[in-house]
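Novice: This is the structure I have questions about; it appears just below.
The values are calculated or read from the model by the stated rules, or taken from the named source; none is laboratory data. Owing to the predicted nature of the structure, the values given are computational and were not obtained by experimental measurement. FYI the Cβ positions are ideal-geometry reconstructions off the backbone, even for glycines, and counts take in every protein chain you see.
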């Protein structure tokens, strides 16, 4: 028998990524809400396999944990700079986007100040007690191997996403075949490879390709990059395009019928799946410099091509490729294959233990209210808020750090039952709706 705590928290958070960490930092300044957050990892580490030197955040530093709600918070990025005596260095950097490693360090700094964040704790079970009107959250302490049950009036799920890899690739995973999310772990292996092929053309794939291209001259491997897309397309980064990552657009998108949402979202890939212009520039600059004086490049960039399957070939792989415009099939051999096929929402198994307490759509996705509460199958006072797996309901900004604080303002206002944070209307220049 594990320990069951009698104390009832106002909120229990599952997962400590940037979204729930932002909520924890904001709630730390609001004593009316008693919250605790659990994370199974040993400590905060944001996409550690992609913390490549020289990579930048894709949002300005103002998209930190708290500033969009409370610029005077002790958990702001500017306060982090002050405490680390980096203010003038950042001032002279003259850039809005900070290094990804620095963002990770900033979040670790915040975590170390927050008593509500508990690592090495895995949520393994979840029950709603209708009589007591509480959630019973079963948590395994990975250090003591003891199970404890915590009580909460409400939950917030910040379980993030997990790497997505085609099933036919998964069976072959190993030292020579891995997802971009594990690049740092396998980087030394790449340096010793005879040939490397990268599959996929999003931002993560581009950053890995750029790093491999930088090191190619020293290590001498053949390097290829294959995508089924029409090209290695840059992300839409103009100011008016970025207004799609605003509260105004989230509100507009949410009001659309679900069928229309799915249609619209499918056509917005370059708002969130393209490659940043500075990354493409870096890659092109390297290719140009390596070709000076008529030098032959041992590099291949292949577009319009889908890798339909893969098989073992000696100590490497044979990729079966299909150029879909020409309808031409060919094979490509590579010792190491890195798969950059994105991520999918992480819906933990314990969520399904709630049974008909939750409502799901026909595609087995959460049904989510506009204020980020999961639609419940029963009329009860206990709510479940959610940060991940909501792109189908709230649109392209669902995974964007620039909207994390806005989402948490809405959650906090609902928790408190009052407008603790004011909500502004028409915060951007363009108008999406045809109605007043």
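Novice: Listed residues 87, 68; which is more than 24 Å from residue 163 (Cβ to Cβ), surrounded by fewer than 18 Cβ atoms within 10 Å (Cβ to Cβ) and either in the same structural domain as residue 203 (by TED's automatic domain parsing) or at pLDDT 95 or above (or both)?
Specialist: 87
Novice: Let me ask something additional. Mind checking which residues of segment 128-183 are assigned to a strand (DSSP E or B), under 24 Å from the mean Cα position of the chain (by Cα) and surrounded by fewer than 21 Cβ atoms within 10 Å (Cβ to Cβ)?
Specialist: Of everything in segment 128-183, those that are assigned to a strand (DSSP E or B), under 24 Å from the mean Cα position of the chain (by Cα) and surrounded by fewer than 21 Cβ atoms within 10 Å (Cβ to Cβ) turn out to be 161, 162, 163, 174.
Novice: Of the residues 108, 58, which is closer than 23 Å to residue 45 by Cβ, at pLDDT below 95 and within 18 Å of the chain's Cα centre (by Cα)?
Specialist: Residue meeting the stated conditions: 58.
Novice: Given the condition more than 24 Å from residue 46 (Cβ to Cβ), surrounded by 15 or more Cβ atoms within 10 Å (Cβ to Cβ) and touching a helix residue (DSSP H, G or I) at 6+ places or on another chain (Cβ under 9 Å), answer yes or no: does some residue in segment 201-211 qualify?
Specialist: No, every residue in segment 201-211 fails to be more than 24 Å from residue 46 (Cβ to Cβ), surrounded by 15 or more Cβ atoms within 10 Å (Cβ to Cβ) and touching a helix residue (DSSP H, G or I) at 6+ places or on another chain (Cβ under 9 Å).
Novice: What number goes with the only condition from (1) assigned to a helix (DSSP H, G or I); (2) free of Cβ contacts under 8 Å to residues at least 12 places away in the same chain; (3) in contact with a helix residue (DSSP H, G or I) (Cβ under 9 Å, 6 or more places away or on another chain) that residue 411 does not pass?
Specialist: It fails just one condition, (2).
Novice: Further question: Being closer than 21 Å to residue 137 by Cα, surrounded by fewer than 13 Cβ atoms within 10 Å (Cβ to Cβ) and in contact with a helix residue (DSSP H, G or I) (Cβ under 9 Å, 6 or more places away or on another chain) narrows it down to one of 378, 431, so name that one.
Specialist: Result of the check over 378, 431: 378.
Novice: Let me ask another. Can you tell me which residue in segment 184-204 is nearest to residue 237 (Cα to Cα), limited to those that are within 25 Å of the chain's Cα centre (by Cα) and part of a loop (DSSP other than H, G, I, E, B)?
Specialist: This residue is 202.
Novice: Something else about it: What are the residues in segment 387-398 that are within 22 Å of residue 64 (Cβ to Cβ) and either surrounded by fewer than 19 Cβ atoms within 10 Å (Cβ to Cβ) or touching a strand residue (DSSP E or B) at 6+ places or on another chain (Cβ under 6 Å) (or both), if any?
Specialist: Correct list: 388, 390.
Novice: Of (1) at pLDDT 95 or above; (2) within 30 Å of residue 156 (Cβ to Cβ); (3) surrounded by fewer than 16 Cβ atoms within 10 Å (Cβ to Cβ), residue 356 satisfies all except one. Which?
Specialist: Going through (1) at pLDDT 95 or above; (2) within 30 Å of residue 156 (Cβ to Cβ); (3) surrounded by fewer than 16 Cβ atoms within 10 Å (Cβ to Cβ) one by one, residue 356 breaks only (1).
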